[in-house]
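K.L.:
Below is a structure I'd like to ask you about.
The values are calculated or read from the model by the stated rules, or taken from the named source; none is laboratory data. Values in this document were obtained by computation on a predicted structure and should not be read as measured data. Heads up, the Cβs are rebuilt from the backbone with ideal geometry, glycines too, and the neighbour counts pull from every protein chain shown.
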Amino acid sequence: MKRNWFWWLLAALLIAALLSPLASSHPDGLERVAEDKEFLEKGYSVLRSPIPDYLFPGVEHEGLATALAGIIGTVLTFGVMVGIGRLVLPRSRSQKS
């Protein structure tokens, strides 16, 4: 049961790598409203994104850049969730799995 997390992570990475290049290039709901109401250009970023617009910087091929962004996002999300799980679960329960 201890190695079960590895297979879940591998499956998530495979899904991220294969499906992320198929994501829609159309803007999401909030961005679409900002375009329609013509105030998109007035917006600014509060934080700088390490992977802007779901494209890994420095990679020329758009499909590969999107797949890398999906894989890295999946790994980071998985790591954060494992960390939170270890903080929240009691010690005796987390050592059993």
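K.L.:
Residues that are of a type in the set (A, V, I, L, M, F, W, C), surrounded by 14 or more Cβ atoms within 10 Å (Cβ to Cβ) and touching a residue at least 40 places away in the same chain (Cβ under 8 Å): list the helices (runs of 4 or more DSSP H) wholly contained in the stretch 1-94 that include at least 2 such residues.
P.N.:
Once the helices (runs of 4 or more DSSP H) in the stretch 1-94 are filtered for at least 2 residues that are of a type in the set (A, V, I, L, M, F, W, C), surrounded by 14 or more Cβ atoms within 10 Å (Cβ to Cβ) and touching a residue at least 40 places away in the same chain (Cβ under 8 Å), what remains is 4-19, 62-88.
K.L.:
So, in the stretch 52-83, of the ones that are more than 21 Å from Leu10 (Cβ to Cβ) and hydrophobic (A, V, I, L, M, F, W, C), which residue ends up modelled with the lowest pLDDT?
P.N.:
Leu55
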